[in-house]
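Enquirer: Handing you a structure now.
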Ligand code: NAD
């Protein structure tokens, strides 16, 4: 019996007994078999979450008590870090060492929110009247659907689960159907830590089957979603009827600007990492290189050489530097994206095809790819490939670099390299993206907000705002010396 759905404090199989095999992107072997929920299971999970929320079983805990719970989950995650990383590496095909870094980030996320929960969130407002006490209080938002992607499966879910728990929400988690194992492990730890029954629920299955109730049931107060733009738009449409609150972390096509006065060696090395880390399957990947014309040839030549040297390999290949794409359909999508780029005039300098290494024959390996001579009218510059594909554009002036960096519907992240700190600061300020790195690309910390401008999303995760997404704000006005308002005349019984 496969019972990997967690509903109302119990591990259950799907109501129709359905299961789903998870395949390794490295060699297509089956790495796990998990339950595949039905819509009836989703409705049961929503019912459990609603009942637990409305009962007050968790909302009655203080922030400090819920913070202690989240800190305990962090301890348990740390205890099981290696075992969870192995599951995530199996599901995603990423190297075990990378998965271990990711789970360490999950622990840091839980610790951040545990600490944040101890801060005083409520405040008094001076309304200028001695007889009035005015207070702003924060309350748990309600029942939330938490839907995650496959690229950083547990981390993206942790950014939602940890603040939801600190806030006192009840929730239903749905990880990507491609990468469910680490979410199952997390739910076991949430149970072990002593979370009240019905607060945390886990649903597994594809969005096409289990998504609709999660995003449209009237009993769900908010959907927090990380994934692609198209799915985000579907979720927005579903939110209209009940004016449901949304938190959306969507795609990115992130500009990485290198000025001629940059530390070129460092910029080149970071450009390679920014574009090809996790084979480009990173929402904030720096896949849009925007380089000053005078250094274009030198920079691109070096990046092409480095890209051609990147070693691909599976989870346990100790010589590998990055892994496969997540699935056959994703590999096909990336291949078509590159073909389209070439057809619209880009110059293919390296990569542009599957790995021909016999060791990769059964996996979804695509070579790091650089497309030169690109411009903002091209599909390959405007759309996210979510694969190891760097496009290159050139600029002459600072204004041009800024205009190019902002010529996108996305606004998730960007980078700027220059030794002129005033210029770098001007560009950082002018770029309309949620995170800007100056002379760096990629690092983040849970203490700092993360999220997108424009079509990269709505709201923020992490930082202090990341907790605020799960809280309602209430103003309580108390008149300590009641008197008549005197607005309307009392004319007696005339
Ligand atoms: P996706 O949109 O295909 O799927 C994401 C999740 O949504 C999955 O769990 C999927 O099952 C579910 N889903 C699909 N259709 C649904 C529906 N109709 N209703 C409810 N749920 C549904 O995205 P993906 O391919 O898993 O992830 C890649 C995308 O995620 C990229 O665009 C990437 O940029 C983005 N991403 C963004 C961030 C960020 O922080 N902004 C982080 C990671 C990934």
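The values are calculated or read from the model by the stated rules, or taken from the named source; none is laboratory data. Small disclaimer: the values here were computed from a predicted structure and weren't measured. Note that we place each Cβ from the backbone using ideal geometry, even for glycine, and neighbour counts take in every protein chain shown.
Enquirer: Which of the residues that make up the stretch 186-208 are outside any helix (DSSP H, G or I), more than 16 Å from the ligand (Cβ to nearest atom) and more than 16 Å from residue 143 (Cβ to Cβ)?
Expert: Once the filter is applied, which keeps residues that are outside any helix (DSSP H, G or I), more than 16 Å from the ligand (Cβ to nearest atom) and more than 16 Å from residue 143 (Cβ to Cβ), the stretch 186-208 yields 193, 194.
Enquirer: Identify the residue in the stretch 209-224 that is more than 16 Å from residue 164 (Cα to Cα) and in a loop (DSSP other than H, G, I, E, B) and, among all such residues, is nearest to the ligand (Cβ to nearest atom).
Expert: The selected residue is 217.
Enquirer: Another question about this same structure. Exactly one condition in (1) farther than 17 Å from residue 43 by Cβ; (2) near the ligand (Cβ under 10 Å from one of its atoms); (3) assigned to a strand (DSSP E or B) is not met by residue 179; state its number.
Expert: (3)
Enquirer: Which pairs have Cβ atoms under 8 Å, sit 6 or more apart or on different chains, and link a residue in the stretch 472-491 that is exposed (fewer than 10 other Cβ atoms within 10 Å of the Cβ) to one that is assigned to a loop (DSSP other than H, G, I, E, B) and modelled with pLDDT of 95 or more?
Expert: Matching pairs, first to second residue: 480/131; 481/131.
Enquirer: May I pose another question? Which residues, counting only those in the stretch 225-239, are part of a helix (DSSP H, G or I) and either crowded, with 17+ Cβ neighbours inside 10 Å or near the ligand (Cβ under 6 Å from one of its atoms) (or both)?
Expert: Correct list: 229, 231, 232, 234, 235, 238, 239.
Enquirer: Restricting to the stretch 139-174, name every residue that is more than 10 Å from the ligand (Cβ to nearest atom) and either in a helix (DSSP H, G or I) or without any contact (Cβ under 8 Å) to a residue 24 or more places away in the chain (or both).
Expert: Passing the criteria: 154, 158, 160, 161, 162, 163, 164, 165, 166, 167.
Enquirer: Just to be sure, is residue 118 without any contact (Cβ under 8 Å) to a residue 60 or more places away in the chain, touching a helix residue (DSSP H, G or I) at 6+ places or on another chain (Cβ under 9 Å) and closer than 27 Å to residue 477 by Cα?
Expert: Yes, satisfied.
Enquirer: Scan (1) away from the ligand (no atom under 15 Å from the Cβ); (2) over 27 Å from residue 96 (Cβ atoms) for the single condition residue 270 breaks and write down its number.
Expert: Tallying (1) away from the ligand (no atom under 15 Å from the Cβ); (2) over 27 Å from residue 96 (Cβ atoms), residue 270 fails exactly one: (2).
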